[in-house]
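Novice: Quick one: structure below, then a few questions.
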Amino acid sequence: MGLHNRLPDRLIIRPHGPVDGTLRLPGSKSLTNRALLCATLAGGTSTLTGALLAGDTATMMECLEQLGGSFTVAGNSVTVVGTGGRLRAPDRPIDAAASGTTARFLSAAATLADGPSLIDGTARMRRRPIGELVAALQSLGANVQALGEGGCPPVRVGGGGLPGGHAVIDARRSSQFVSAIALSAPYADRDVSLDFLDGVVVSRPYVEGTVEVMRAFGASVELDPSGIRVDRGGYESGLFHVEPDASGAAYPLVAAALTGGSVRLPGFARGSHQADLRILDVLTAMGCNVAWSESGIRLTGPSNGLRGVEVDMGDMPDAVLAVAVAGAFASGPTRLTNIANLRIKETDRLAALETELRKLGVDAEVGSDWLVVRSQATHGAEIDTYDDHRMAMAFSLAGLVVPNVVIRDPACVAKTWPSYFEDMAHLWPDGSTWASALAQIGDSITGLVVAIDGPGGAGKTTVSRGVADRLDLPHLDTGAFYRAAALTAQRNGIDINDEEAVVEAIRTAEFDYRDGSMLLAGEDVSEAIRSPALTSDASKVSAIGAVREVLVARQQAWVEQHGGAAVVEGRDIGTVVFPGAPVKVFLTARPEVRAARRARELSDGSVEGIAQELERRDRRDSTRQVSPLRPASDGYELDTSDLPVEEVIARIVELVSKRVGLPRGG
């Protein structure tokens, strides 16, 4: 059974170094759905080879069956028994689900049915515009109405035929409006002529792809800069080979670009009309090397990193997400323009990109039709996918560079590439598992980070070690890194206020955390770093942004080296170090309780003096500009003042059980 058949709610992506492999992509969704409609309208029997079998194409076939089509699937081939243009009225509403292609194409095709149709879809579909298509169909004499608010679905189609003639179509928001009418136009009563409003059609290469498919089925169609002309006369049945999916190619191509590796994608012809192959030009501008051969494409990423670009992405909107993620790891800004129609896709992709890129630490901003990425990603995060397959696939690529990228609802890739996470593993020669479930698998826990934050004296160390023991996970005290950093500065005679010198010393220092002990250049300094004076210096060191950058990377690497799972304690674990952790806990306690606990730990000093020092540190840590001490917005806050340690540990283990589905026994 493949991974795609049992995808969990969350997947953690693991960096695995440069890719080096060959990947056979599934068939093009765009070409498959166009060919399915042409074959259904044609007379006789047609065969599609290399077809995409995924959520979107399954939806198209199910809806076409309601209109009289007949399909037999064998492997990636589909045999279609056509209707000769004589569609029947469905006996129930046509549910296009989340497939915009299906909703728009069939709103036009249903005009050819012998009775009325109602085309509907998901809640998101009811917010995706279709009014421009409806208006053009009405101009061609069809009885069509958009019933939703703002010219959105549901769409009521009267049927009885498409009279045809001339119309002006507004294709500034979607080329699918043009393709929908063109695909059904061979069965109109008269030739169909569409002029593009203001001479504009967004994503024109998709219309060129429509023309290519129509001609393969025998239609007479002409496309020029100002419009499209289709002669009546129908389609001829036949054999149609579906080229691999160029939209899907963006992800392995960007994987090679990001990792400095190499990927080979067979099956593409250099003269292909698939719009998203233009991503090759973008990646070349970013520093990649592209080579074409008779067998397909080979792309090799640069060894010295990508560089930012400014690109008009209007002709390749589906590639925007992958390019945006590539830009998040490039030197210099990346600006993508002419992408307003991303707001009317499966989700508002512009807003989603801005939100999720920022989770990775990226300075990203969007406008009405543009996106700019000004800085690089600095850490992993838990990524929301908005039930959008391309969000899931694009952001999984970020996890090839930074650890702890977690993809929520990864199963949404089923819309166009059900086996995406399984297939991408072929890009590593050793067949590495690059995506793992955030759950218990067999007897081991994979990808589970339990983040425990809180101020001094709240009980973090005792509790986190107890939780780690109960869950049989490694334990990491990140505070030891900052105390060791302060010790490094002290031993090198560096003034703690000389930030540049402190950072340089820490960059070259050899830190290791092993079996609960902190090692500095191989020396166990666990006792040395516990002095009150050093603790104060550690707080000052931790406020230096460049220090945190170095040490956060080391802490993330430590967890990755220990299988990607650990109980990690500190002061910014759930907010900065592991923001994608499925379990985030913030421990606190009343000031007098914390002071008493710390006094017992130190065995000297007055409780009053310790309370004053804790108050000063709390104020400093919570107000610093870099990684201030605060609970994660989705964390669980627990006051430990009146709870025994075992009760606190039990509550956190129970929380882990609820969040990731572990057995209650711990």
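The values are calculated or read from the model by the stated rules, or taken from the named source; none is laboratory data. From a predicted model like this one, the values you see are computed outputs, not experimental measurements. Reconstructed Cβ throughout: ideal geometry from the backbone, glycine too, with neighbour counts over all protein chains shown. These area figures cover heavy atoms from the full protein model, side chains too; ligands, DNA and RNA do not enter into them. Shrake-Rupley method; radii C 1.70, N 1.55, O 1.52, S 1.80 Å.
Novice: Condition test on residue 126, is it among the charged types (D, E, K, R), under 21 Å from residue 227 (Cβ atoms), open to solvent by 10 Å² or more (accessible area, probe 1.4 Å) and within 31 Å of the chain's Cα centre (by Cα)?
Specialist: Details: among the charged types (D, E, K, R): yes; under 21 Å from residue 227 (Cβ atoms): no; open to solvent by 10 Å² or more (accessible area, probe 1.4 Å): yes; within 31 Å of the chain's Cα centre (by Cα): yes.
Spelling it out, it is not the case that residue 126 is among the charged types (D, E, K, R), under 21 Å from residue 227 (Cβ atoms), open to solvent by 10 Å² or more (accessible area, probe 1.4 Å) and within 31 Å of the chain's Cα centre (by Cα).
Novice: Confirm whether residue 287 is among the small types (Gly, Ala, Ser), within 20 Å of residue 212 (Cβ to Cβ) and in contact with a strand residue (DSSP E or B) (Cβ under 9 Å, 6 or more places away or on another chain). Even if it seems obvious, please write down each step before you answer.
Specialist: Working: among the small types (Gly, Ala, Ser): yes; within 20 Å of residue 212 (Cβ to Cβ): no; in contact with a strand residue (DSSP E or B) (Cβ under 9 Å, 6 or more places away or on another chain): yes.
For residue 287, the condition - among the small types (Gly, Ala, Ser), within 20 Å of residue 212 (Cβ to Cβ) and in contact with a strand residue (DSSP E or B) (Cβ under 9 Å, 6 or more places away or on another chain) - is not met.
Novice: Moving on. Residues of the range 351-393 being open to solvent by 10 Å² or more (accessible area, probe 1.4 Å) and either polar (S, T, N, Q) or touching a residue at least 60 places away in the same chain (Cβ under 8 Å) (or both), which ones?
Specialist: Passing the criteria: 355, 359, 368, 375, 376, 378, 379, 382, 387.
Novice: Just one of 169, 228 is closer than 30 Å to residue 47 by Cα and of a type in the set (A, V, I, L, M); which is it? Before the answer, list the steps.
Specialist: Details: 169 fails: closer than 30 Å to residue 47 by Cα.
Among 169, 228, only 228 is closer than 30 Å to residue 47 by Cα and of a type in the set (A, V, I, L, M).
Novice: Looking only at residues that are within 15 Å of residue 109 (Cβ to Cβ) and small (Gly, Ala, Ser) in the range 29-53, which one is surrounded by the most Cβ atoms within 10 Å (Cβ to Cβ)? Walk me through how you get there before you give the answer.
Specialist: In the first step, residues of the range 29-53 are kept if they are within 15 Å of residue 109 (Cβ to Cβ); the result is 33-42.
Those left that are additionally small (Gly, Ala, Ser): 35, 39, 42.
Details: 35: 25, 39: 28, 42: 25.
Top of the filtered list is 39.
Novice: Can you tell me which residues in the range 504-538 are among the acidic types (Asp, Glu), farther than 19 Å from residue 456 by Cβ and in a helix (DSSP H, G or I)? Spell out how you get there, then give the answer.
Specialist: Let us first name the residues in the range 504-538 that are among the acidic types (Asp, Glu), namely 504, 510, 512, 515, 523-524, 527, 537.
Retained after the next criterion (residues that are farther than 19 Å from residue 456 by Cβ): 504, 510, 512, 515, 523-524.
Residue satisfying the conditions is 504 alone.
One line per residue, one yes/no per condition, for (1) open to solvent by 30 Å² or more (accessible area, probe 1.4 Å); (2) within 35 Å of the chain's Cα centre (by Cα); (3) among the hydrophobic types (A, V, I, L, M, F, W, C); (4) farther than 30 Å from residue 658 by Cβ:
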{"residue": "470", "(1), (2), (3), (4)": "yes, yes, no, no"}
{"residue": "474", "(1), (2), (3), (4)": "yes, yes, no, no"}
{"residue": "486", "(1), (2), (3), (4)": "no, no, yes, yes"}
{"residue": "489", "(1), (2), (3), (4)": "no, no, yes, yes"}
{"residue": "520", "(1), (2), (3), (4)": "no, no, yes, yes"}
{"residue": "523", "(1), (2), (3), (4)": "yes, no, no, yes"}
{"residue": "529", "(1), (2), (3), (4)": "no, no, yes, yes"}
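Novice: Filter the range 394-408 down to residues that are open to solvent by 10 Å² or more (accessible area, probe 1.4 Å) and under 8 Å from the mean Cα position of the chain (by Cα), then give me how many there are.
Specialist: 0
Novice: Also, I was wondering about something else. Could you say whether any residue in the range 251-264 is open to solvent by 10 Å² or more (accessible area, probe 1.4 Å) and either part of a loop (DSSP other than H, G, I, E, B) or at positive phi (or both)?
Specialist: yes
Novice: Which pairs do you get when a residue that is among the hydroxyl-bearing types (Ser, Thr, Tyr), found in the range 1-15, comes within reach of a residue that is assigned to a loop (DSSP other than H, G, I, E, B) and at pLDDT 85 or above, reach meaning Cβ atoms under 8 angstrom, with the pair 6+ apart or on two chains?
Specialist: none
Novice: Quick check on residue 546: is it open to solvent by 40 Å² or more (accessible area, probe 1.4 Å), part of a helix (DSSP H, G or I) and modelled with pLDDT under 90?
Specialist: no
Novice: Please work out which residue is most open to solvent (accessible area, probe 1.4 Å), limiting yourself to the range 162-198 and to residues that are within 23 Å of residue 343 (Cβ to Cβ) and touching a Gly at 6+ places or on another chain (Cβ under 7 Å).
Specialist: Only one residue fits best here, namely 176.
Novice: Conditions first: (1) open to solvent by 40 Å² or more (accessible area, probe 1.4 Å); (2) of a type in the set (A, V, I, L, M, F, W, C); (3) modelled with pLDDT under 85; (4) farther than 23 Å from residue 504 by Cβ. Residue 643 passes all but one, so which condition is the exception?
Specialist: Among (1) open to solvent by 40 Å² or more (accessible area, probe 1.4 Å); (2) of a type in the set (A, V, I, L, M, F, W, C); (3) modelled with pLDDT under 85; (4) farther than 23 Å from residue 504 by Cβ, the lone unmet condition for residue 643 is (3).
Novice: Among the residues of the range 559-589, what is the count of those that are open to solvent by 20 Å² or more (accessible area, probe 1.4 Å) and over 19 Å from residue 635 (Cα atoms)?
Specialist: Final tally of qualifying residues: 4.
Novice: Then there is this: Being among the charged types (D, E, K, R) and surrounded by 24 or more Cβ atoms within 10 Å (Cβ to Cβ) is the requirement here; does residue 343 meet it? I'd like the intermediate steps shown before the answer.
Specialist: On the way: among the charged types (D, E, K, R): yes; surrounded by 24 or more Cβ atoms within 10 Å (Cβ to Cβ): no.
No: the conditions fail for residue 343.
Novice: Give me a count of the residues in the range 54-89 that are under 30 Å from residue 387 (Cβ atoms), among the charged types (D, E, K, R) and open to solvent by 30 Å² or more (accessible area, probe 1.4 Å).
Specialist: Counting residues in the range 54-89 that are under 30 Å from residue 387 (Cβ atoms), among the charged types (D, E, K, R) and open to solvent by 30 Å² or more (accessible area, probe 1.4 Å) gives 2.
Novice: Okay, moving on. Taking the conditions exactly as written (over 30 Å from residue 401 (Cα atoms), outside any loop (DSSP other than H, G, I, E, B), small (Gly, Ala, Ser) and modelled with pLDDT of 95 or more), does residue 39 satisfy them or not? Step through it out loud before you land on a result.
Specialist: Working: over 30 Å from residue 401 (Cα atoms): yes; outside any loop (DSSP other than H, G, I, E, B): yes; small (Gly, Ala, Ser): yes; modelled with pLDDT of 95 or more: yes.
Taking the combined requirement at face value, the residue satisfies it.
Novice: Do you know which of the residues in the range 203-226 that are part of a loop (DSSP other than H, G, I, E, B) and open to solvent by less than 50 Å² (accessible area, probe 1.4 Å) is modelled with the lowest pLDDT? Before you say what the answer is, go through the steps one by one.
Specialist: So the first thing to find is which residues in the range 203-226 are part of a loop (DSSP other than H, G, I, E, B), and the list is 203, 217-220, 225-226.
Adding the requirement that they be open to solvent by less than 50 Å² (accessible area, probe 1.4 Å) leaves 203, 217-219.
Working: 203: 90, 217: 98, 218: 98, 219: 98.
Ranking the candidates gives 203 first.
Novice: Modelled with pLDDT of 95 or more and over 21 Å from residue 66 (Cα atoms): does that describe residue 190?
Specialist: The answer is yes for residue 190.
Novice: Turning to a different aspect of this structure: Within the range 550-594, work out how many residues are among the β-branched types (Val, Ile, Thr), more than 25 Å from the chain's Cα centre (by Cα) and not in a strand (DSSP E or B).
Specialist: The number of residues fulfilling the criteria is 2.
Novice: Consider only pairs whose beta carbons are under 6 Å apart and that are at least six residues apart or on different chains; among these, list those whose first residue lies in the range 303-329 and is open to solvent by 10 Å² or more (accessible area, probe 1.4 Å) and whose second residue is β-branched (Val, Ile, Thr).
Specialist: 308/334; 309/334; 311/282; 312/337; 329/401
Novice: What are the pairs, 6+ residues apart or on separate chains, where a residue within the range 487-498 that is in a loop (DSSP other than H, G, I, E, B) has its Cβ under 6 Å from a residue that is open to solvent by 70 Å² or more (accessible area, probe 1.4 Å) and of a type outside the set (Phe, Trp, Tyr)?
Specialist: These pairs meet every condition: 496/540.
Novice: Being open to solvent by 10 Å² or more (accessible area, probe 1.4 Å) and among the hydrophobic types (A, V, I, L, M, F, W, C) is the filter; apply it to the range 90-118 and report the residue that is farthest from the chain's Cα centre (by Cα).
Specialist: Checked the range 90-118; the qualifying residue farthest from the chain's Cα centre (by Cα) is 112.
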